[in-house]
Amino acid sequence: MFIGTYTAMVTPFRDGKVDDSALERLIKAQIRGGVDGIVPVGTTGESPTLSFEEHIYVIEKSVQFAAGRIKVLAGTGGNSTDEAIYLTVAAQRAGADGSLQVAPYYNKPTQEGLFQHFRAIASATKLPIVLYSIPGRCGIEIGVESVRRLARECKNVIGIKEAGGNADRVSQLRAALGPRFTILSGDDSLTLPFMAVGAQGVVSVASNIIPKGVAHMVRAFAIGKPAVALKLHEKLYPLFKDLFIETNPGPVKAALAMMHLVEEEYRLPLVPMSPRNREALKTTLKACGVLR
């Protein structure tokens with residue numbers, strides 16, 4: 001099962017290419033921080049701007065640098081079923097532990113289309129699959145009944161990253177899927193509320209910069225220490241919010257650059273943060289103890 005804290009990794013660039021040394025440095029920091037796994041080449045990893053070759057390369061390097069110490073849940077979704085299958089098979093070959101499958105974006109399939117899409121991917125791989133519902137980016141939600149059908153008919157569909165901003169949907173998913181199906185929060189600021197109604201962890205953006213804090217919060221709640229988890233949530237909440245003051249991964253990459261961990265380099269159409277928002281983020285990073 002994929003439970004606990006999974007970091008939605010940024011993809012570091014230098015001079016337009018993937019920065020291997022920075023990626024290794026980031027992954028080693030995640031291991032030291034106590035996270036349960038990493039998610040390379042998802043939204044936070046700027047996956048839409050990577051070529052197929054780069055996408056697979058980052059997964060291969062992530063598996064290499066993780067070295068079996070934490071799990072690698074590779075982002076291999078797409079709005080083309082054939083493309084998603086191609087990337088997922090490549091991730092399996094690279095040694096990934098699982099696949100994160102985002103709902104197809106832009107083409108807005110029906111629920112039956114979603115079911116057929118994910119079923120085709122599941123049948124093409126032995127990897128465990130975690131679905132990813134994020135209607136704010138994709139324009140569609142993976143319906144609860146569609147998730148239930150997929151879990152029933154595809155034994156390797158074992159979980160969902162829920163990023164719809166609605167704790168009630170977590171309750172609906174838990175009631176429909178039972179205790180063995182994994183539900184992960186897709187929003188740092190909602191991790192604790194979601195866990196209170198049945199989620200078992202988070203795919204976190206914030207853990208790129210504060211892996212120990214996020215992992216501690218999630219673990220505290222999981223072992224029955226909600227007061228400790230709440231205290232950490234309250235401390236980290238301003239950072240959870242300001243990491244989305246502009247489109248992800250702009251703020252988290254800017255924060256990592258302020259920490260001298262990556263070059264602040266994006267691929268168009270993403271651009272650096274506005275000066276005003278950058279200063280607001282820096283102030284929050286200092287208040288939370290990330291920067292001095």
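Out of curiosity, is residue 269 at pLDDT 95 or above and surrounded by fewer than 17 Cβ atoms within 10 Å (Cβ to Cβ)?
In short, yes.
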Neighbours by Cβ (under 9 Å, 6+ apart or cross-chain): first from region 47-63, over 20 Å from residue 250 (Cα atoms); second surrounded by 17 or more Cβ atoms within 10 Å (Cβ to Cβ) and among the charged types (D, E, K, R) = 63/97
List, please: which pairs have Cβ atoms under 6 Å, are six or more places apart or on different chains, and start with a residue in region 206-232 that is touching a residue at least 60 places away in the same chain (Cβ under 8 Å) and among the hydrophobic types (A, V, I, L, M, F, W, C) and end with one that is buried (at least 23 other Cβ atoms within 10 Å of the Cβ) and part of a helix (DSSP H, G or I)?
-> 209/255; 214/206; 214/207
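Suppose we keep only residues that are part of a helix (DSSP H, G or I) and under 25 Å from residue 119 (Cα atoms) within region 23-59. Which one would you say is most open to solvent (accessible area, probe 1.4 Å)?
First pass over region 23-59, keeping only residues part of a helix (DSSP H, G or I): 23-33, 47-49, 52-59.
Still in the list and also under 25 Å from residue 119 (Cα atoms): 47-48, 52-53, 55-56, 59.
Details: 47: 29, 48: 102, 52: 82, 53: 133, 55: 11, 56: 26, 59: 2 Å².
Result: 53.
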So, of the residues in region 1-22 that are more than 21 Å from residue 258 (Cβ to Cβ) and not in a strand (DSSP E or B), which turns out to be least open to solvent (accessible area, probe 1.4 Å)?
-> 2
Could you tell me whether any residue of region 96-117 is of a type in the set (A, V, I, L, M), out of contact with any Asp or Glu (no Cβ under 6 Å at 6 or more places or on another chain) and part of a helix (DSSP H, G or I)?
-> yes
If we ask which residues in region 266-292 are free of Cβ contacts under 8 Å to residues at least 12 places away in the same chain and either over 28 Å from residue 48 (Cβ atoms) or within 21 Å of the chain's Cα centre (by Cα) (or both), their number turns out to be 6
Across region 123-149, which residue is least open to solvent (accessible area, probe 1.4 Å) among those that are in a helix (DSSP H, G or I) and over 20 Å from residue 6 (Cβ atoms)?
-> 146
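The values are calculated or read from the model by the stated rules, or taken from the named source; none is laboratory data. This one's a predicted model, so the numbers in the text were calculated from it and none came from an experiment. As a convention, Cβ positions derive from the backbone with ideal geometry for all residues, glycine included, and neighbour counts pool all protein chains shown. Each accessible area value is taken on the protein alone, full model and side chains, heavy atoms only, with ligands, DNA and RNA left out. Shrake-Rupley method; radii C 1.70, N 1.55, O 1.52, S 1.80 Å.
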